[in-house]
Amino acid sequence: GAGVSQTPSNKVTEKGKYVELRCDPISGHTALYWYRQSLGQGPEFLIYFQGTGAADDSGLPNDRFFAVRPEGSVSTLKIQRTERGDSAVYLCASSLARGETQYFGPGTRLLVL
Amino acid sequence: GQNIDQPTEMTATEGAIVQINCTYQTSGFNGLFWYQQHAGEAPTFLSYNVLDGLEEKGRFSSFLSRSKGYSYLLLKELQMKDSASYLCAVRAFGSGAGSYQLTFGKGTKLSVIP
């Protein structure tokens with residue numbers, strides 16, 4: 001079946017603007033993760049959903065970042081008042097259940113000017 | 001917190017064998033993963049170890065020693081397409097309710113030359 005998909009693949013925005021990044025997990029996967037990857041670094045954990053609820057949001061850098069997964073499938077990562085330091089690749093991963101192998105999507109490359 | 005170290009870059013010859021090492025320090029260890037990431041693409045799952053020993057999967061093998069906080073990824077019969085970054089990631093029980101987040105190293109950029 002289809003893998004994890006993310007839209008848009010690229011997003012350019014201006015400092016101070018609001019952006020939404022979307023993730024479609026593999027069908028049937030109950031666990032969903034968001035990571036952020038800066039150039040030359042490994043992915044950094046942001047938030048984990050089990051079903052509809054955010055079970056662990058300890059990686060969100062500040063209150064400008066928020067994510068939802070209202071129906072337990074698609075998730076949206078929302079960033080308010082974007083800053084240049086938010087520029088990175090935002091990766092989404094899903095797993096069949098909690099603790100199973102995580103499969104990553106292609107990422108959204110966010111550039112804040 | 002968690003600390004994961006792996007070499008920044010390695011170069012190897014086509015057809016050869018290369019070993020990429022990873023050392024980690026963590027509490028609540030619950031498994032070690034290796035991912036391959038080609039430039040501009042998503043990480044792709046390669047292997048998983050939770051018990052000590054060697055796991056073999058085709059040209060790729062991964063080893064884990066929990067007492068030493070050490071793992072390696074072994075790539076045999078190197079091909080040009082193996083040129084990529086290799087990410088070591090540790091899974092640990094997180095601060096949230098049953099979180100299974102991965103903590104990644106910075107990745108090892110492997111260049112395979114003719």
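Observations, loosely collected:
- Looking across region A:19-32, the residues that are within 13 Å of the chain's Cα centre (by Cα) and either modelled with pLDDT of 95 or more or more than 9 Å from chain B (Cβ to nearest Cβ) (or both) come down to A:Val19, A:Glu20, A:Leu21, A:Arg22, A:Cys23, A:Asp24, A:Pro25, A:Leu32.
- Restricting attention to region A:57-87 and to residues that are among the charged types (D, E, K, R) and touching a residue at least 24 places away in the same chain (Cβ under 8 Å), the residue that is nearest to A:Arg98 (Cα to Cα) turns out to be A:Arg69.
- In region A:57-113, the qualifying residues are those that are over 13 Å from A:Pro25 (Cα atoms), more than 14 Å from chain B (Cβ to nearest Cβ) and touching a Gly at 6+ places or on another chain (Cβ under 7 Å), and the one that is surrounded by the fewest Cβ atoms within 10 Å (Cβ to Cβ) is A:Arg81.
- Residues in region B:74-87 that are within 14 Å of chain A (Cβ to nearest Cβ) and either in a helix (DSSP H, G or I) or under 13 Å from B:Ile17 (Cβ atoms) (or both): 0 in all.
- Any hit, region B:49-61, residues being under 30 Å from A:Ser9 (Cα atoms), among the acidic types (Asp, Glu) and outside any strand (DSSP E or B): no
- Residue in region B:26-33 that is touching a Ser or Thr at 6+ places or on another chain (Cβ under 6 Å) and either away from every other protein chain (no Cβ under 11 Å) or of a type outside the set (A, V, I, L, M) (or both) present: yes
- Only one of A:Gly53, A:Gly16, A:Gly42 that is of a type outside the set (D, E, K, R) and more than 14 Å from chain B (Cβ to nearest Cβ): A:Gly16
- Look at (1) under 14 Å from the mean Cα position of the chain (by Cα); (2) on the phi < 0 side of the Ramachandran plot and you find that A:Gly3 fails only one, number (1).
- Failed criterion for B:Phe104 (all others in (1) of a type in the set (Phe, Trp, Tyr); (2) without any contact (Cβ under 8 Å) to a residue 60 or more places away in the chain; (3) within 20 Å of A:Gln102 (Cα to Cα) hold): (2)
- For region B:32-60, filtering for residues that are touching a residue at least 24 places away in the same chain (Cβ under 8 Å) and out of contact with any Leu (no Cβ under 9 Å at 6 or more places or on another chain) leaves 2.
The values are calculated or read from the model by the stated rules, or taken from the named source; none is laboratory data. Just so you know, these numbers come straight off a predicted model, no measurement behind them. Please note: Cβ atoms are built from the backbone with ideal geometry, for glycine as well, and neighbour counts cover all protein chains shown.
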